[in-house]
Amino acid sequence: MKILWFTWKDKSHPQAGGAETVNEELAKRLAADGHEVIFLVGGFTDGKEEETRDGFKIIRLGNRWTVYWQAYRYYKKNLRGWADLVIDEVNTIPFFCKFYVRERNILFVHQLCRVIWFYQIWFPLSLVGYLLEPLYLWLLRDREVITISKSTKKDLMRFGFRDDNINIISEGIEIEPVQDLDSIKKYEAPTILSLGSIRAMKRTDHIIQAFEMAKKKLPDLRLIVAGEAEGLYGRKVLRLIKVSAYRGSIEYLGRVDVAKKLELLQRSHILCATSVKEGWGLVVTEAASQGTPAIVYDVDGLRDVVRSGNTGVVCKKNNIINFTNSILEILEKKIEYQKLRRLAWDLSKGINFSKSYQKFLNLVTGENK
C-alpha cells in the first residue's frame with residue numbers, strides 16, 4: 001500500500017511526545033513490510049524540508065499553524081491520487097482531509113482537546129478552539145477512526161461518532177522491560193520523578209507543590225524533574241524550583257537522552273503524572289516496564305494506563321492534597337510498594353508495538369472487516 005499521513009509534528013520536532021513515538025513505530029513497521037509511507041508535517045527551526053528515516057519519508061511544510069494549509073496545497077499539487085490510504089491525524093486539530101482527498105481516508109485520534117485549549121493557547125483563541133471543537137468533530141463524525149484508549153473512544157461518541165466506527169489499537173513502548181526487578185537498584189533516598197515536556201497542560205507545578213508538602217513528613221524525599229521547559233509556563237516552573245524551600249532536594253535535568261531516561265525510570269521510586277488529559281500515558285507504561293509504579297490524576301488517558309491500587313494509584317480527586325497523600329501512602333508502606341512494582345512490571349510486558357502494529361495493519365488494509 002501507499003499511505004499518506006497528515007500530522008502536525010514528527011519525532012524530531014522539539015515538542016514531540018508519545019503520539020509521535022507511536023506514529024513512527026507503526027510507520028517503520030509498515031515500511032519493513034513493503035508499504036510506502038509519507039508523512040506531511042509541520043516544520044521547525046533547523047528541521048530539514050525532507051528526510052527519510054526507517055524506510056518512510058517525512059516532508060516538512062510551514063510551521064505549527066500554517067502546516068494545515070501548506071499540507072493541503074502540497075497534496076493538491078504533488079500527491080493527489082498517489083495514496084491508497086490517507087490518514088488524517090487529530091492531535092489538537094484535524095487536517096479535514098475528508099473535504100479534499102479523493103482516496104480512502106480515516107482519522108487517527110490520539111486525544112481530543114477540550115479543556116487543553118485553556119492551558120496551551122492564549123485567550124481568546126483558547127475559547128474559539130473550545131467552542132469550535134464540537135462543530136468540526138460533528139462534521140467528521142462519519143469517518144472511520146483509529147484511537148488508542150477507551151477514554152478517547154467515549155469522548156468521540158459524545159460528539160456523534162458511531163461505536164462500530166471507532167477501533168482501538170493497543171499501545172506499545174520503545175524500551176524493553178527489565179529482565180529482573182531484583183537487579184534494579186533504587187536511589188538510596190525516596191525519589192519521585194516528573195518526566196516529560198514541561199507544559200501548562202502537564203501541570204508540573206502540582207508535582208512540585210505535592211513534593212513540598214510530602215517533604216515535611218518524609219525529610220529524605222527527593223524530586224527529579226526531567227524535560228524541556230517550554231515558554232512562559234516552563235519559566236514559571238523553573239522559578240518555583242529556584243525559590244522552593246526545598247530546592248536543595250530538587251534536581252532539574254532538562255531534556256534527557258535515552259540512557260539517562262532509562263536510569264531515571266529504573267532508579268526512581270515513583271513516576272508522577274498530573275496532566276489535564278492524555279491520549280495514553282506512554283511514560284507511565286515505560287516506567288512500569290522498568291519497575292517503577294506511578295501516581296496519576298484521574299483523567300482521560302492516565303486512568304486507562306493505571307489500575308489503581310494494583311499497578312499504581314489513580315487519585316480520587318485531582319488536587320495537590322490528594323496527590324501528596326498518595327505519595328506518602330506508597331512510600332510509607334513498603335510491602336504494598338513492592339506489590340505495585342511487580343504488578344505494573346508484569347502488565348507492561350504485554351504492551352508492545354508488535355501487537356499494536358498487527359491490529360493497526362489489519363485496520364488499514366481492511367483485513368479485519
Of all residues in segment 326-369, count the ones that are loosely packed, with under 14 Cβ neighbours inside 10 Å and not in a helix (DSSP H, G or I). 7
In the set Lys242, Lys260, Lys217, which member is without any contact (Cβ under 8 Å) to a residue 12 or more places away in the chain and of a type in the set (D, E, K, R)? Lys242
Of those in segment 120-138 that are surrounded by 12 or more Cβ atoms within 10 Å (Cβ to Cβ) and out of contact with any Phe, Trp or Tyr (no Cβ under 8 Å at 6 or more places or on another chain), the residue farthest from Leu26 (Cα to Cα) is Val128
More than 18 Å from His206 (Cβ to Cβ) and modelled with pLDDT under 95 - does that describe any residue in segment 292-302? no
Those residues of segment 42-88 that are closer than 17 Å to Asn105 by Cα and of a type in the set (Val, Ile, Thr) come to a total of 2
For segment 212-273, please list each of the strands (runs of 3 or more DSSP E) lying entirely inside it that holds at least 1 residues being modelled with pLDDT of 95 or more and over 24 Å from the mean Cα position of the chain (by Cα). 222-226, 250-254
Quick check on segment 103-119. Is at least one of its residues crowded, with 16+ Cβ neighbours inside 10 Å, within 18 Å of the chain's Cα centre (by Cα), at pLDDT 95 or above and within 19 Å of Val364 (Cα to Cα)? yes
Breaking point among (1) modelled with pLDDT under 95; (2) among the hydroxyl-bearing types (Ser, Thr, Tyr); (3) closer than 21 Å to Glu176 by Cα, for Ser308: (3)
Go through segment 122-161 and give me each residue that's part of a loop (DSSP other than H, G, I, E, B) and under 21 Å from Trp280 (Cα atoms). Glu144, Ile148, Ser149, Phe159, Phe161
Among the residues of segment 44-79, count how many are surrounded by fewer than 14 Cβ atoms within 10 Å (Cβ to Cβ), of a type outside the set (Ser, Thr, Tyr) and over 20 Å from Glu24 (Cβ atoms). 6
When segment 23-42 is checked residue by residue, the ones that are in a loop (DSSP other than H, G, I, E, B) and crowded, with 18+ Cβ neighbours inside 10 Å are His35
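The values are calculated or read from the model by the stated rules, or taken from the named source; none is laboratory data. The shown structure was predicted, so the numbers you read here are calculated from the model rather than taken from an experiment. We place every Cβ from the backbone using ideal geometry, glycine too, and count neighbours over all the protein chains shown.
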